[in-house]
Amino acid sequence: YEIGVRLVGSEMCIRDRLVPEEESLMMSDWPVYEEEWNFPVDENIVDHYKEIIRGIRNVRAEMNVPNSRKATAFVVCEDEELGAGLALLGHAAQNMAALNELVIQKDKSGIADDAVSTVIPDAVIYMPFAELVDVEKEIARLEKEAKRLEGEIKRAQGMLSNEKFISKAPAAKVEAEKEKLEKYTSMAAQVAERLSQLKK
């Protein structure tokens, strides 16, 4: 009974606030659109803000950046009105995209050359690489990976240069080793290229 009274009381309170002229919410007319409720500029800003959050999250996911690691995001946007609106949402973006700061600017001044970028409509997002990844730790990890791949390549090359293995092993096994060698060689080249970039 008490729950019923509370529910009825709540319905009456809502009705009095929304449609005081009606006996019940169920009897009121469906809201009619009014042009004064249309805010196209604000809608455009929010749509771009959502694209920014999505773009930053995608970059972080692709680079396996943990949420605990904060970064700065620079949004280069030449549209003054859009940029001003996005700047007002900067604080919200800090929580939604794990940022230290969201910086809105008209050009690339002050943005590092190695910054990771992603393009959205009417703007480009840049995030400094060093803020996304601990460069020293990444170099150490890649050097360890390079050593592991070197060992795998030597092992595969050794098996494929062994005449007994080639003559006695099933064709599928020999082919599998060739594929492994090709894969490891390609991976090693990618690791070496990444290391050279980080050590510049």
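The values are calculated or read from the model by the stated rules, or taken from the named source; none is laboratory data. Given the structure is predicted, the values throughout are model-derived calculations rather than measurements. Positions of Cβ are backbone-derived with ideal geometry, glycine not excepted, and every protein chain shown enters the neighbour counts. SASA here: full protein model, heavy atoms, side chains in, ligands and nucleic acids out. Shrake-Rupley method; radii C 1.70, N 1.55, O 1.52, S 1.80 Å.
Just for the stretch 88-109: of the residues that are open to solvent by 60 Å² or more (accessible area, probe 1.4 Å) and not charged (D, E, K, R), which one is farthest from the chain's Cα centre (by Cα)? Result: S109.
On the stretch given as the stretch 28-54, residues that are assigned to a helix (DSSP H, G or I), at pLDDT below 85 and surrounded by 10 or more Cβ atoms within 10 Å (Cβ to Cβ) total 0.
Could you run through the stretch 110-124 and say how many residues are within 18 Å of N64 (Cα to Cα) and surrounded by 16 or more Cβ atoms within 10 Å (Cβ to Cβ)?
Total satisfying the criteria: 3.
Could you list, in sequence order, the residues of the stretch 168-200 that are among the hydrophobic types (A, V, I, L, M, F, W, C), open to solvent by less than 40 Å² (accessible area, probe 1.4 Å) and touching a residue at least 12 places away in the same chain (Cβ under 8 Å)? Of everything in the stretch 168-200, those that are among the hydrophobic types (A, V, I, L, M, F, W, C), open to solvent by less than 40 Å² (accessible area, probe 1.4 Å) and touching a residue at least 12 places away in the same chain (Cβ under 8 Å) turn out to be V174, L181, A188, V191, L195, L198. Checked against the criteria, V133 counts as touching a residue at least 60 places away in the same chain (Cβ under 8 Å), under 19 Å from the mean Cα position of the chain (by Cα), surrounded by 15 or more Cβ atoms within 10 Å (Cβ to Cβ) and under 18 Å from K70 (Cβ atoms). Take the stretch 126-150 and flag every residue that is modelled with pLDDT under 90 and of a type in the set (K, R). Answer for the stretch 126-150, where residues must be modelled with pLDDT under 90 and of a type in the set (K, R): K137, R141.
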